[in-house]
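I have placed the structure first, in the form of structure tokens, so that the comments after it can refer back to it.
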Amino acid sequence: MKNTKKIVSIAGIMLLLGIVLSAVCFASNGDAAETNMFMNSFWALVPPIIAIALALITKEVYSSLFIGIVIGALFSAEFKPVAAMDNLLNEGLIAAVSGTAGIFIFLVVLGVLVALVNKAGGSAAFGKWAETHIKTRVGAMIATFVLGVLIFIDDYFNCLTVGSVMRPVTDSHKISRAKLAYLIDATAAPVCMIAPISSWAAAVASYTSDGQGLALFVKAIPFNFYSLLTFVFIIGSILMRVDYGPMKIHELNAIRKGDLFTTGNRADEKEETPSSRGRVIDLILPVVVLIIVCIFSLVYVGKNIIIADGGHDLGFVNCFANTDATVGLPWGGIIALVITIIYLIARRVVTFKEAMECIPKGFIAMVPAILILTFATTLKNMTGLLGAADYVGSVMNGAAAGLASFLPAIIFIVACLLAFATGTSWGTFGILIPIVTAIFEPNDPLMIVGISACLAGAVCGDHCSPISDTTIMSSAGAQCNHINHVSTQLPYAITVAAISFVCYIVAGFAPYVWLTLPLGVVLTLGTLFVIKKVVSKKPINQ
């Protein structure tokens, strides 16, 4: 009851402040009635900032996102109720559902695949295999990390696949769901951002000048400090057995009490008796088929897009660079689902009726992720409607004068903040890459560093943001309370971000990867060593 009153009070105060402030502004500037003061200004970032703050304070994500959406709609309509409702529905919710319908389908397909594999006994068989071959908590976390790195074609696919495969393993070794969600999230966007054959590389290539997109992406990889140092941080923290902040509480509860969740909703999965004839292949084969078919479908969709646009270069790389993941992933997911159903029925580990019963179960399992993704996308639409891109562009252009050597560090911070506030890394580098390429000369060594800073900052902000689709998918993949995932991940992400910021300052004066990357590795390991000393009073025994 107290929490409800707290939420309502905070929401009321936020709305009241917005209305009063708006009334004061309009009263003092009556001649500018035709100009919306909220457009192309810092006000464009206020709705997501409020939503994020409320989510972290109240630990309730649905109402927090909706309040941010309402505030964004009111700002865009200058507090005119009818216009605000029109923006909220047409430009917000309806556009969000239609724009992400393909991802919703892919989510449901993966939910159904997980339900099928569980029913067939594949997960149980894999769990028994893992008990024999993965005998320690360290081994389970390293295995999760390796699997995350291997699935590099798309972050959505990465989050849900790694989560469904590794949950039984990490659960058996008493690894908290918050830690699993972090491992998934930290090997989703970061690995996609340094993989030339990924949907992210394709997106980056589409925002740069013709003919240099993929080449620029590849050159930027060694300077993508946040992504690379995140991997160093993960391996170092696992081997050194370092946990701190809220994550340490979750890990201690998992080890000492067997409580994998600590706070928030527990998994809603109903324990069902799986098939006794299930084998490890019943889990591995559907995953392998899904990977192969999704890669094929992404290339196929990219080829069709090139042909529709009148292009003639139908090579693998170019097709992948022009694909649309919202079409390619559900395209491949549905085919993989059909193949899996046929295979499991032929193996006689599930009946046709049981296979069909898994369809609504898979959908129900993904409802929370779909709702959060819908609200988060709607909030992004409101931010775009308010002209956040133009505001950030003007800030970046203003900072360029006289700060050449510090620009990579500035670009990194701006990208972090923009991605954190909007919840989209793709939108962030879509805004900043054209600005970065305009600021630097083509042959300037800082051009590559600046692009890298833009990409790294976008991943970092996306990694931290509660309204990021990748963060949401990681929570769904680990079946972890979303706010728990955000609050436990934030200190880890900020630590790596601070080290990356230092590296970009150094790179601005000495753009040499042989100097800056080893420096980052040393700083990361040194930081972990210091943190371990500080928190050593309550070590987590393995």
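Return yes or no: is A476 under 21 Å from D155 (Cβ atoms) and not charged (D, E, K, R)? Taking the combined requirement at face value, the residue satisfies it.
Check L455, L432, L446, L523 and return the single one that is buried (at least 24 other Cβ atoms within 10 Å of the Cβ) and over 18 Å from the mean Cα position of the chain (by Cα). Even if it seems obvious, please write down each step before you answer.
Values: L455 fails: over 18 Å from the mean Cα position of the chain (by Cα); L446 fails: buried (at least 24 other Cβ atoms within 10 Å of the Cβ); L523 fails: buried (at least 24 other Cβ atoms within 10 Å of the Cβ).
When all the criteria are applied, what remains is L432.
All conditions in (1) over 25 Å from G520 (Cβ atoms); (2) modelled with pLDDT of 80 or more; (3) within 18 Å of the chain's Cα centre (by Cα) hold for L252, with the sole exception of (3). Answer yes or no: is there a residue in segment 256-275 that is modelled with pLDDT under 90 and outside any loop (DSSP other than H, G, I, E, B). Yes - at least one qualifying residue is present in segment 256-275.
Give segment 100-118 a look and list any residue that's among the small types (G, A, S) and surrounded by fewer than 24 Cβ atoms within 10 Å (Cβ to Cβ), or say none. Selection gives A101, G102. With respect to (1) at pLDDT 80 or above; (2) open to solvent by 60 Å² or more (accessible area, probe 1.4 Å), the lone exception for N29 is condition (1). Exactly one residue out of L418, L432, L455 is within 26 Å of T377 (Cα to Cα) and in contact with a Phe, Trp or Tyr (Cβ under 6 Å, 6 or more places away or on another chain), and it is L455. When each of K174, K179 is tested for being assigned to a loop (DSSP other than H, G, I, E, B), touching a helix residue (DSSP H, G or I) at 6+ places or on another chain (Cβ under 7 Å), of a type in the set (K, R) and at pLDDT 85 or above, the lone residue that passes is K174.
Tell me yes or no: at least one residue of segment 129-149 is basic (K, R), part of a helix (DSSP H, G or I) and either touching a Phe, Trp or Tyr at 6+ places or on another chain (Cβ under 7 Å) or closer than 30 Å to E354 by Cβ (or both).
No: zero hits.
Annotation: of all residues in segment 136-162 being at pLDDT 80 or above and among the hydroxyl-bearing types (S, T, Y), the one that is nearest to I472 (Cα to Cα) is T144.
In segment 285-327, the residue that is least open to solvent (accessible area, probe 1.4 Å) out of those that are within 21 Å of V114 (Cβ to Cβ) and free of Cβ contacts under 8 Å to residues at least 40 places away in the same chain is S297. Looking at V535, is it modelled with pLDDT under 90, open to solvent by 10 Å² or more (accessible area, probe 1.4 Å) and not aromatic (F, W, Y)? Criteria met by V535. For first residues located in segment 34-57 and surrounded by fewer than 19 Cβ atoms within 10 Å (Cβ to Cβ), partners that are charged (D, E, K, R) and lie 6+ apart or on another chain with Cβ distances below 7 Å form the pairs N36/E78; N40/D390.
I'd like the residue in segment 112-135 that is more than 28 Å from the chain's Cα centre (by Cα) and over 28 Å from G332 (Cα atoms) and, out of all such residues, is modelled with the lowest pLDDT.
For segment 112-135, the residue satisfying everything is E131.
For the structure I just gave you, tell me whether L93 is part of a helix (DSSP H, G or I), open to solvent by less than 30 Å² (accessible area, probe 1.4 Å) and either aliphatic (A, V, I, L, M) or touching a residue at least 24 places away in the same chain (Cβ under 8 Å) (or both). For L93, the condition - part of a helix (DSSP H, G or I), open to solvent by less than 30 Å² (accessible area, probe 1.4 Å) and either aliphatic (A, V, I, L, M) or touching a residue at least 24 places away in the same chain (Cβ under 8 Å) (or both) - is not met. Starting from segment 481-502, keep only residues that are closer than 14 Å to K248 by Cα and open to solvent by 10 Å² or more (accessible area, probe 1.4 Å), then list their pairs with residues that are of a type in the set (S, T, Y) and not in a helix (DSSP H, G or I) whose Cβ atoms are within a distance under 9 Å, requiring at least 6 positions of separation or different chains. Qualifying pairs under 9 Å: N484/S176; N484/T262; N484/T263; P491/Y244.
The values are calculated or read from the model by the stated rules, or taken from the named source; none is laboratory data. Quick caveat: nothing in here was measured; it's all calculated off a predicted structure. When we count neighbours, we look across all protein chains shown, and the Cβ atoms used for this are built from the backbone with ideal geometry, even at glycine. Each accessible area value is taken on the protein alone, full model and side chains, heavy atoms only, with ligands, DNA and RNA left out. Shrake-Rupley method; radii C 1.70, N 1.55, O 1.52, S 1.80 Å.
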